[in-house]
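Enquirer: Sending over a structure as structure tokens; questions will come in a sec.
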Amino acid sequence: MLNRIPERSTQGPLTSLLRKSLLLLTVAGVGCGPRTYEDCVLDRVTEGMDPYSVAVVEQACREKFPEQTPQGTDLLDFEVNALQGRAGPKTASGIFSGSLYNGNDAIAVTEVQIAVTTTTDGEESTRLYRAIVDIPPQAAGEFSFKLLPGEPDASYSWGILSAKGIVTDQTTRQRKIRQSQ
């Protein structure tokens, strides 16, 4: 009779522990959920949400996925002047949000620097804020940022100081630059 050598078990304590851990991680959903800012926004914004709620979602997603400095070129004065919008504070939440229209036909806007002036009892205080946006040429988009709120009776004004963007049509941009000179 032949004596068989027992096979070495691959179910040792370490292997068994690793398999159980992998199963637990899979069941717990680790690794699931949004992996980018864009996925986070798309997962949480639902049809019919008002602009304020969308801005709150965007802010929460931005905190989860910190912004990367967008690549782009500084917009020229006439290009910044082609940006129009409406905005205001949501003082209860400390969020300043609004909509912008990009009137440029050769640049997608990726970043805006906004000056917000708070006036209380005749005294003005101006602070600069930066918002990352994604507004294609001749389209509208939303922006929001956390605001240092003033007193409850304060009034606010704002303006776009500068912007950055990605040139989508170099030929058109060069023609517009020549026309503006």
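Enquirer: Could you give the size of the charge dipole of segment 73-180 about its Cα centre, using +1 on the Cβ of each K and R and -1 on the Cβ of each D and E, expressed in debye and rounded to the nearest 20?
Expert: That gives segment 73-180 a dipole magnitude of about 420 debye.
Enquirer: Can you check what the net charge comes to around residue 158, using other residues whose Cβ is under 14 Å from the Cβ of residue 158 (Lys, Arg +1; Asp, Glu -1)? Spell out each step's value before the answer.
Expert: Details: positive: 86, 90, 127, 130; negative: 124.
After counting each charged neighbour, the total is +3.
Enquirer: Suppose a student asked you for the relative contact order of segment 77-153, using Cα pairs under 8 Å spaced at least 6 residues apart; what percent would you report?
Expert: Details: 147 pairs, mean separation 25.3, N = 77.
This gives 33 percent for segment 77-153.
Enquirer: Counting Lys and Arg as +1 and Asp and Glu as -1, what is the net charge of the other residues whose Cβ lies under 12 Å from the Cβ of residue 115?
Expert: Values: positive: 127, 130; negative: 124.
It works out to a net charge of +1.
Enquirer: What net charge do the residues around residue 94 carry, taking every other residue with its C-beta under 14 Å from that of residue 94, with Lys and Arg at +1 and Asp and Glu at -1?
Expert: Local charge sum for residue 94: +1.
Enquirer: Using the Cα atoms of segment 73-180 to build a convex hull, what is its mean projected area in square nanometres? Kindly include the intermediate steps, with their values, before the conclusion.
Expert: Numbers: hull surface 27.1 nm².
It is 6.8 nm².
Only the coordinates and a few stated rules stand behind these numbers; no lab work does. Here the structure is a predicted model, which is why all the values come from computation and not from measurement. FYI the Cβ positions are ideal-geometry reconstructions off the backbone, even for glycines, and counts take in every protein chain you see.
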